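Just dropping this structure here.
The values are calculated or read from the model by the stated rules, or taken from the named source; none is laboratory data. Just so you know, these numbers come straight off a predicted model, no measurement behind them. Here Cβ is always computed from backbone atoms with ideal geometry, including for glycine, and neighbour counts include all displayed protein chains. We work out accessible area using only protein heavy atoms, side chains counted, and drop any ligands, DNA or RNA first. Shrake-Rupley method; radii C 1.70, N 1.55, O 1.52, S 1.80 Å.
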Amino acid sequence: MGIRELQTRIDSREARLAVVGLGYVGLPLAVEFGKRFAVVGFDVNARRLAELRAGHDRTLETTTEELRLAAQLTYSDRIDDLKTADVFIVTVPTPIDRHKRPDLTPLVRASETVGKALKPGAVVIYESTVYPGCTEEDCVPILEKFSGLKFNRDFFCGYSPERINPGDKVHTVTKIKKITSGSTPEAGQAVDALYRAIIVAGTHLAPSIKVAEAAKVIENSQRDINIAFVNELSLIFERMGIDTQDVLEAAGTKWNFLPFRPGLVGGHCIGVDPYYLTHKAESLGYHPEIILAGRRLNDNMGAHVANRVVKLMIQKGHRIQGAKVLVLGITFKENCPDIRNSHVVDVIRELEEFGCQLAVYDPWADPDEVRHEYGLELIAGEPAGDYDAVVLAVAHEKFKGLDLTGLGRKNGVVFDIKACLAREQIDGRL
């Protein structure tokens, strides 16, 4: 089958799809495609597959009803079930290691799996965030090796960066404009046609895979730098005795002022993606100054918060060694169970270094995942106690109704990282 025939099969909804990786990105995509195409959702996590077959999505990105409506979606962890696919969409995570270097292990393994199932005429589309050139320079050789097929003759590739916003029920996958690209002009047209079948917000066909890869990685690098700027402002204004939020509200009255706020920069995108760009830049002999400066500043904000909390406790006469501190929230963002790359953990670790006794409460997070990922035990049920300090780390809607005065001692410290509590309730905020 050639690329033109595949285009015809896409237009007629006869193309068979495989989505490799059913996490925050892959599952919503598989569900939408499963309403119109025959789709195999592939994942190596047997527990995940069992839950999805039972109609439950632990990420809460899809509902039981949405899973039911994806009538043509099936689930599998068997490579043989991928061999009928005309299009493979790879949506595995691309993390960084402890040295802040790109970890392509999940991407390599997924490419090996796809290569074993690849047939002539198929298209492999990557959605995972990578540095420009990764698809064609790193993934394609693996596909060729494990399939025995020749790139751009026997099979083709595309890149369409994910734009999932975990926990966002307004800007869902079909309502966010999608960048598409292909390894040949014809492949690009086929990839674009495929996504146009589900993306109501429309698509943007980039001129090359590298352009699409670069567009994705700078989206979050831009946000990272802007947040680093306001984080640095908060460090400066703290020394001046000025409330940063008051300054930002005043500056925000100008029509073109960008409404960024200081805080912890975690998650699988903003806190990770810039390192993919800087890694590639450094491999080409260029040392990026601004991007890495922003990353260093944002990565140090957790320690800064902990130090501010300790200073406030000392000012109120608390003994720091053995002090009881409650941290509200451990997910990387509000109203979402995603704990990946949460920088709330940086606050916790720093306070532990001071000798504080930490308690963590988060009704959104999975206790088993938190235990496995960070070695922390979450409080079961709503917190109750006499804490020396309470740190509001995540702006879950439920926390806004908590009586914080009932959680802390009479002279306890309340620190609001997210600046969502009334001024009279708190002792400090970013």
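Kindly express, to the nearest 10 degrees and within the range 0 to 90, the angle between helix 273-283's C-alpha long axis and the longest C-alpha principal axis of the chain.
Orientation of helix 273-283: about 70 degrees from the principal axis.
Name the most mobile residue of 317, 55, 182, meaning the one with the largest mean-square fluctuation, in a Gaussian network model of the chain with Cα contacts below 10 Å.
317
Just the number, please: carbon plus sulfur as a percent of the accessible area of segment 185-340, 1.4 Å probe, no ligands or DNA/RNA counted.
C and S fraction of accessible area: 58 percent.
To the nearest 10 degrees, how steeply does helix 209-240 sit against the main Cα axis of the chain, on a 0 to 90 scale?
Helix 209-240 sits roughly 0 degrees off the main axis of the chain.
Classify segment 1-121 as rounded, prolate or oblate, taking a ≥ b ≥ c as the square roots of the eigenvalues of its Cα gyration tensor: rounded when a/c is under 1.5, otherwise prolate if a/b is larger than b/c and oblate if not.
oblate
Could you give the accessible area per residue of segment 385-430, probe 1.4 Å, as a whole number in Å²?
Result: 43 Å² per residue.
Mind listing the phi-derived Karplus ³J(HN,Hα) values for segment 31-41, rounded to whole Hz, using 6.51, -1.76 and 1.60 with θ = phi - 60°, and x for any glycine or proline?
5, 5, 5, x, 7, 10, 10, 6, 10, 9, x
Here is a follow-up. Place +1 on the Cβ of every Lys and Arg and -1 on the Cβ of every Asp and Glu in segment 1-117, take the dipole about the Cα centre, and give the residue among 15, 76, 34 whose Cα lies farthest towards its positive end.
It is 76.
For the pair residue 372 and residue 138, how long in nm is the line joining their label points, each one 7 Å along Cα→Cβ?
Each label point lies 7 Å from its Cα, and together they span 2.4 nm.
If DNA, RNA and ligands are ignored and the probe is 1.4 Å, what is the ranking of 111, 12 by accessible area, most exposed first?
My answer, sorted largest first, is 12, 111.
For segment 332-376, report the accessible area per residue in Å² (1.4 Å probe, heavy atoms, rounded to an integer).
Dividing the accessible area of segment 332-376 by its residue count gives 45 Å².
For the chain, what relative contact order do you get, as a whole percent, if you take Cα pairs closer than 8 Å and at least 6 residues apart?
With pairs under 8 Å counted, the relative contact order is 11 percent.
Could you let me know the centre-to-centre spacing of segment 57-127 and segment 401-430, using Cα atoms, in angstrom?
Rounded to whole Å, the Cα centres lie 43 Å apart.
Holding the Cα-Cα limit at 32 Å, pick out from 254/410; 116/175; 177/418; 35/83; 216/311; 145/169 the pairs that are longer than that.
Beyond 32 Å: 254/410; 116/175; 216/311; 145/169.
May I pose another question? Probe of 1.4 angstrom, ligands and nucleic acids ignored: what's the accessible area per residue over segment 220-266, in square angstrom?
With the other protein chains kept in place, segment 220-266 gives 57 Å² per residue.
Using Cα springs under 10 Å in a Gaussian network model of the chain, which residue among 403, 103, 346 shows the largest mean-square fluctuation?
It is 403.
For n ≥ 4 DSSP H runs only, could you compute -39500 (n - 2.57) per run for the chain, divide by its residues and tell me the 222 nm figure to the nearest 500?
Counting only the DSSP helices, I get -11500 deg cm²/dmol.
Can you give me the relative contact order of segment 159-286 as a percent, contacts being Cα pairs under 8 Å and 6 or more apart?
Computed over segment 159-286, the figure is 21 percent.
Amide H of residue 75 versus every other amide H placed in the peptide plane: which residues, excluding those fewer than 5 positions away on the same chain, fall under 5 Å?
Amide H neighbours of residue 75: 41.
I need to check one value: relative contact order of segment 60-131, counting alpha carbon pairs closer than 8 Å and at least 6 residues apart, in percent.
Relative contact order for segment 60-131 comes out at 39 percent.
What is the magnitude of the charge dipole of the chain about its Cα centre, with +1 placed on the Cβ of each Lys and Arg, -1 on the Cβ of each Asp and Glu, and no other charges, expressed in debye to the nearest 20?
Charge dipole of the chain: 380 debye, to the nearest 20.
Same structure, new question: Would you work out what percent of the accessible area of segment 1-150, with all protein chains in place, is carbon or sulfur (probe 1.4 Å)?
Percent of accessible area from carbon and sulfur atoms in segment 1-150: 49.
Of all DSSP beta bridges located in segment 27-136, what percent are antiparallel, nearest 5?
Taking every DSSP beta bridge with both residues in segment 27-136, the antiparallel ones total about 10 percent.
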